[in-house]
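> One structure follows; several queries about it will come next.
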Amino acid sequence: MFEEEITSLALKKVSLVGFCKLSRPVSSLPRLNYAVSIALKLSDAVLSTIEDEPTPMYFQHYRTANAILDEAAFQIARWIEAKGYSAFPVAASQSLGGNKRYEGLIPHKTVAVLSGLGYVGKSGLFLSETYGSKVRLASVLTDLPLERQRPLAENKCGNCTLCRDACPAGAIYGVLPSETERNFDPEKCSRYMKEHFQGIGRGSVCGICIKVCPQNKLK
């Protein structure tokens, strides 16, 4: 019941909605052990402008997608609170800052995977079953009991290493993620963007690994 109503509300703004119970709730919010995952598909036409560097069009599109997701998460949280439960919207682009500047309150891709929307690829990106990695994500944490509506997705990277080969920063290791080891170096990625793409969004976006992923099926 709740899942259907939230889905109806969310799909007015976003492309995909999922639900899950968190295996590891955020330590500062232990009561909020359920979550809503929302994904917004990026434009094929905008992504096609990326070659060996991002473009101003992609940067603006990226920012707009984040704003839409943030608004949708805010509305979902408000709806949940109106039902008498607690809800915490987590922004699409998040950072705890300081020595945790490459970490957020909770990884959106973890919530999306637990919700059955897709899997984490060799690029370290979340790949949706429907749209590949050409999505942006946001989440809402809550104490409203919610059930996953989809089975967990199977990883489809196989032997592909196109993302690793295309990454100009050398930040992608080309292996599947594991519980103990990272398959992506966010510091290398960030440093390269700031050094080489400073003129586009002050070095905050790239998108090359998204562009080359064969799961995206760009039109």
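> So how compact is segment 130-184: Cα radius of gyration and Dmax in angstrom?
In Å, with Rg to one decimal and Dmax whole: 15.2, 43.
> Here's a follow-up. Whole number please: convex hull volume per residue, Cα atoms of segment 124-219, in Å³.
152 Å³
> On to the next question. May I ask you to compute the full-extension gain from MET57 to GLN198, defined as 0.36 nm times their residue separation minus their alpha-carbon distance, rounded to one decimal in nm?
Result for the pair: 49.3 nm of gain on full extension.
> For the chain, which cysteines have no second Cys with its Cβ under 4.7 Å from theirs?
So, CYS20, CYS157, CYS160, CYS167, CYS189, CYS206, CYS213.
> Kindly flag which residue pairs out of LYS41/LYS188; LYS109/LYS217; LYS83/LYS134; LYS194/LYS217; LYS41/LYS217 have an alpha-carbon separation exceeding 23 Å in this structure.
LYS41/LYS188; LYS83/LYS134; LYS194/LYS217, as the Cα separations exceed 23 Å there.
> Below 8 Å, C-alpha to C-alpha, sequence gap of six or more: please give me the relative contact order for the chain in percent.
25 percent
> Here is a follow-up. Could you name the aspartates and glutamates in cross-link range of LYS211, using Cα to Cα under 14 Å and dropping any fewer than eight places away on the same chain?
Within reach: ASP44, GLU51, ASP52, GLU53, ASP165.
> Okay, moving on. How large is the dipole of the chain about the Cα centre if only Lys and Arg carry +1 and Asp and Glu carry -1, each at its Cβ, rounded to the nearest 20 debye?
Using only the charged Cβ atoms, the result is roughly 120 debye.
> Of the residues ALA87, ALA39, ALA112, which exhibits the maximal mean-square fluctuation in a Gaussian network model of the chain defined by a 10 Å Cα contact cut-off?
Judging by the Gaussian network model, the answer is ALA87.
> Can you compute the label reach from GLU187? Point 7 Å from Cα along the Cβ direction, backbone N cut-off under 13 Å, restricted to segment 95-136.
Those under the cut-off are 99-103.
> Report the per residue volume, in Å³, of the convex hull enclosing the C-alpha atoms of segment 169-215.
Convex hull of Cα atoms, per residue: 88 Å³.
> Something else now. Along its principal axes, what span do the Cα atoms of segment 40-132 show, with the longest given first and each in whole Å?
So the three principal-axis extents are 48, 30, 28 Å.
> Next question, about the same structure. Whose amide H sits under 5 Å from the amide H of GLU103, counting only residues 5 or more places off or on another chain, with H placed in the peptide plane?
The answer is LEU96, GLY97.
> Rounding to the nearest 10 and keeping the result within 0 to 90°, find how far the Cα-based axis of helix 186-196 lies from the longest principal axis of the chain.
The angle comes out at about 50 degrees.
> Can you pull the three principal axis extents for the Cα set of the chain, in Å, largest first?
That gives 49, 39, 34 Å along the principal axes, largest extent first.
Read-outs throughout are calculated quantities, based only on the coordinates presented, and are distinct from any laboratory measurement. Keep in mind it's a predicted model, so treat the numbers as computed, not measured. Because the Cβ atoms are built from the backbone with ideal geometry, glycine has one as well, and the counts that use them run over all protein chains shown.
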